[in-house]
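Trainee: I have a structure here, written as structure tokens, and I will follow up with some questions on it.
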Amino acid sequence: MGGFEDDEPPSKRARASSVESASLPDCFSFSKSANPLGSTMARPLPSQGKEVMVGSKGVIKKEEFVRIITKTLYSLGYEKSGAVLEEESGITLHNPMVNLFREQVIDGKWDNAVVTLNKIGLLDENIVKSAAFLILEQKFFELLRNDNVMGAMKTLRSEITPLGVNRKRVHELSSCMISCSPQQLFLGFSKLGIDSSTSRSKLLEELEKVLPPNVMVPERRLENLVEQALTVQRDACYFHNSIDGLSLYIDHHCGKDQIPSRALQVLRAHRDEVWFIQFSNNGKYLASASNDKSAMIWEVDEDGELLLKHTLNGHEKSVMMVAWSPDDCQLLTCGVEETIRRWDVESGKCLHVYEKPGIGFISCAWFPDGKQILSGLTDQHFCIWDLDGKEVDCWKGQRSTKTPDFVVGKDGKLIISMNGEKTILLFDRETKQERLIEEDHTITSFSLSEDGDCLLVNLVNEVIHLWNIRNGPIRVNRYSGHKRTRFVIRSCFGGSEQAFIASGSEDSQVYIWHRATGDLIETLAGHSGTVNCVSWNPANPHMLASASDDHTIRIWGAKKAGLKRKDVGSSSCSSNGIHANGNTHGNGFIHQCNGNSTK
């Protein structure tokens, strides 16, 4: 199990005591020929007796169904097919008055469009006014674009304002016209968040949102219905972890075989316990950190097999963690209370060494822009560095724990760090706001979800808590079953839409839970020592990696017939195909870093 004494590094030991604005196609026609049997009613014709229904359950109204299909055909540019469907079914998409209204909007005949709007037969006066507001606002903007400032002012005062609709918007338009020169008007509107360049086709989409759907069928209605149906099926799929998109041809269902539970590879290049692993953001690489003072970069080939790309040597102590740059072109490695090294992923060269005289580093992370890094120091300070090693900022933290974890949020403003043995601090660098996550037991590690909304917190009492930090923090779920008595065990989010939680364990197994329900759905046996860390490939929901005290990394995949496990390297090798004497028998290169910055 690779046991440690009390003086071993904090990365390994956690002591229990201290611990679409899509527009309509250009070929879209509103001529009467597209509606050869146009009705004279604004609303669908009343049913003669019982309304005709279609579908096996008899809940779909035929007329609505046909009109939605017709709308979709026109929106996709299939005008002839749409017209044929209208003629053959006898069900028109729009009546002649509505078609005339649409033509007038597209042609920019604003006054005529407002008159026609009032003839459609809408019963709700508020709807009529809201639609008229949109039309006249478009008229206002087009007059301005044509340098007719006086005409625009007249429209605003005598046509838009009397409607009594959206007074805040009217005030914004008026204020901008008064304070801005003609050349600055559109810039002024943009600063107010007003889109003054709205196309007439976009205006029609906005009108469809205001007018009753039986008058104008909303754009993309069929697509929205289909997406809703697929979403319901996906959410109802307990083991949903599919790589391929959902099909319209069959109902969606994932079996348990979609969960990575079969060992496809065993990577044996490290010569001591493997403490930390992490897939790159694009899923093309895996980085590992070991007690053997090295880090390794593994590349995922087209067949999903991992091959050693680089062995990174130079740390004088064990390597406790790694961190990928946002673009995956660089990698940080952090030694135990030692230095941070920045490496080029393609060449494997050491680009810079970050160090502070007399003080060791215990953690590292990138800022989202990839231009700065954050480090945690043994004296409880946090320091921000630029890539060339210049210290940008440094402040004293409040950690009274050996747990070194911290995370930089996706926006670069939120910094999540330990604030005591049982407390996590959520600190907004911009607003200086502080929020706390308070646990009843010692925290050993934590990790942030891909969307930045949730935090996974491992506790000393063999429980993992899931916290929503966007709307709280609020604890939303718990996971248990794994074993932890002496060491730091790390967990991760993963799978399709990060619907699962995985964790290492001191009983040599990997545990997988359903994120939403908290149910334990799989335990993976195979390691012969404590599983310290797990990482789920963000680009392949079927690939999970685990790192262990048995000196190996296991790659787990979905169960597929005919696949055989592959062992890469051996315990006597310092890298894949590279023996201790440095002779190369396969892929992979060893890189040394003497502690000097190299450019």
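The values are calculated or read from the model by the stated rules, or taken from the named source; none is laboratory data. What you see is a predicted model, and the numbers here were worked out from it, not measured in a lab. Here the Cβ is made from the backbone with ideal geometry for all residues, glycine too, and neighbour counts use every protein chain on show. Heavy atoms of the whole protein, side chains included, go into the accessibility calculation; ligands, DNA and RNA do not. Shrake-Rupley method; radii C 1.70, N 1.55, O 1.52, S 1.80 Å.
Trainee: For residue 244, put the label point 7 Å out on the Cα→Cβ axis and report which residues of region 254-291 keep their amide N under 15 Å from it.
Mentor: Flagged as within label range: 254-255, 258.
Trainee: For labels at residue 525 and residue 369 in the simple 7 Å Cα→Cβ model, what's the distance in nm?
Mentor: Here the answer is 5.2 nm between the modelled labels.
Trainee: On to the next question. Report the residues of region 92-111 in range of a label on residue 119: point 7 Å along Cα→C-beta, backbone N strictly under 18 Å from it.
Mentor: Counting only backbone N, you get 94-111.
Trainee: Which shape class, rounded, prolate or oblate, goes with region 332-387 when its Cα gyration tensor gives a ≥ b ≥ c as root eigenvalues, a/c under 1.5 marks rounded, and past that a/b bigger than b/c marks prolate?
Mentor: On the way: a/c = 2.27, a/b = 1.41, b/c = 1.61.
It comes out oblate by the Cα gyration axes.
Trainee: Next up: Tell me, in nm to one decimal, what length is gained between residue 84 and residue 359 on full extension, where the rule is 0.36 nm per residue of separation less the Cα-Cα distance? Write out the running numbers ahead of the final one.
Mentor: On the way: separation 275, 0.36 × 275 = 99.00 nm, distance 7.85 nm.
Separation in residues times 0.36 nm, less the Cα-Cα distance, equals 91.2 nm.
Trainee: For a quick check of understanding: with a 1.4 angstrom probe and all protein chains in place, what accessible area in square angstrom does residue 385 have, to the nearest ten?
Mentor: 10
Trainee: Right, here's the next one. Taking R0 as 22 Å, what FRET efficiency do you get between residue 392 and residue 430 from their Cβ-Cβ distance, rounded to the nearest 0.05?
Mentor: Numbers: r = 15 Å, r/R0 = 0.70.
Once rounded, the FRET efficiency stands at 0.90.
Trainee: Rg (Å, one decimal) plus Dmax (Å, integer) for the alpha carbons of region 485-538?
Mentor: In Å, with Rg to one decimal and Dmax whole: 11.0, 32.
Trainee: Quick one: with all protein chains in place, what share of the accessible area of region 453-502 is carbon or sulfur, to the nearest percent (1.4 Å probe)?
Mentor: Working: 730 of 1730 Å².
It is 42 percent, rounded to a whole number.
Trainee: Here's something else I'd like to know. At 20 °C and 1.002 mPa s, what whole-number value in µm²/s does Stokes-Einstein give for the translational diffusion of region 259-557, with Rh from the Kirkwood sum over Cα pairs? Show your work: numbers first, answer last.
Mentor: Values: Rh = 19.0 Å.
After rounding, the answer is 113 µm²/s.
Trainee: Which loop GluC sites (Glu not before Pro) in region 50-120, with loop taken from DSSP, have no more than 13 other Cβ atoms within 10 angstrom of their Cβ?
Mentor: Of the GluC sites (Glu not before Pro), the ones in loops of region 50-120 whose Cβ has at most 13 other Cβ atoms within 10 Å are 51.
Trainee: What order do you get for 527-535, 94-102 when each peptide is scored by the mean count of other beta carbon atoms within 10 Å, highest first? Don't skip to the answer; put the middle values down first.
Mentor: Details: 527-535: 24.0, 94-102: 21.1.
Most protected by this proxy first, the peptides run 527-535, 94-102.
Trainee: Please report the spacing between the Cα centers of region 417-495 and region 502-546 in Å, no decimals.
Mentor: Their Cα centres are 18 Å away from one another.
Trainee: Further, regarding this structure: Quick one, can you get me the convex hull of the C-alpha atoms of region 287-412 expressed as volume per residue in Å³?
Mentor: Taking only Cα atoms, region 287-412 has a hull volume of 116 Å³ per residue.
Trainee: Then there is this: Expressed in nm to one decimal, what extension gain is obtained for the pair residue 232 and residue 461 from 0.36 nm per residue of sequence separation less their Cα-Cα distance? Write down the numbers at each step before the final one.
Mentor: Working: separation 229, 0.36 × 229 = 82.44 nm, distance 3.65 nm.
Result: 78.8 nm gained on full extension.
Trainee: Also: Separation between the residue 453 and residue 223 pseudo-spin-labels, each 7 Å from Cα along Cα→Cβ, expressed in nm?
Mentor: Modelled inter-label distance: 2.3 nm.
Trainee: Hey, another quick one. Apply 1/(1 + (r/R0)^6) to the Cβ-Cβ distance of residue 56 and residue 129, taking R0 = 56 Å, and write down the FRET efficiency to the nearest 0.05. The partial results should precede the final answer.
Mentor: Numbers: r = 43 Å, r/R0 = 0.76.
FRET efficiency, residue 56 to residue 129: 0.85.
Trainee: For region 392-512, what is the convex hull (Cα atoms) projected area averaged across all directions, in square nanometres? Kindly include the intermediate steps, with their values, before the conclusion.
Mentor: Numbers: hull surface 31.8 nm².
Taking the Cα atoms of region 392-512, their convex hull projects to 8.0 nm² on average.
Trainee: Which order do peptides 325-331, 540-546, 67-73 fall in by mean Cβ count within 10 Å, highest first? Numbers along the way, then the final one.
Mentor: Numbers: 325-331: 17.3, 540-546: 24.9, 67-73: 21.1.
Per-residue mean Cβ counts within 10 Å order the peptides as 540-546, 67-73, 325-331.
Trainee: Compute the length gained on full extension between residue 147 and residue 199: take 0.36 nm times their separation in residues and subtract their Cα-Cα distance, giving the result in nm to one decimal. Numbers along the way, then the final one.
Mentor: Numbers: separation 52, 0.36 × 52 = 18.72 nm, distance 1.75 nm.
Full extension of this stretch gives 17.0 nm more.
Trainee: Tally up the carbon and sulfur contribution to the accessible surface of region 275-433 as a whole percent, 1.4 Å probe, everything protein left in place.
Mentor: Details: 2650 of 6010 Å².
The C+S portion of the solvent-accessible surface of region 275-433 is 44 percent.
Trainee: May I pose another question? Gap in Å between the Cα centre of region 57-80 and the Cα centre of region 341-371?
Mentor: When both Cα centres are located, 58 Å separates them.
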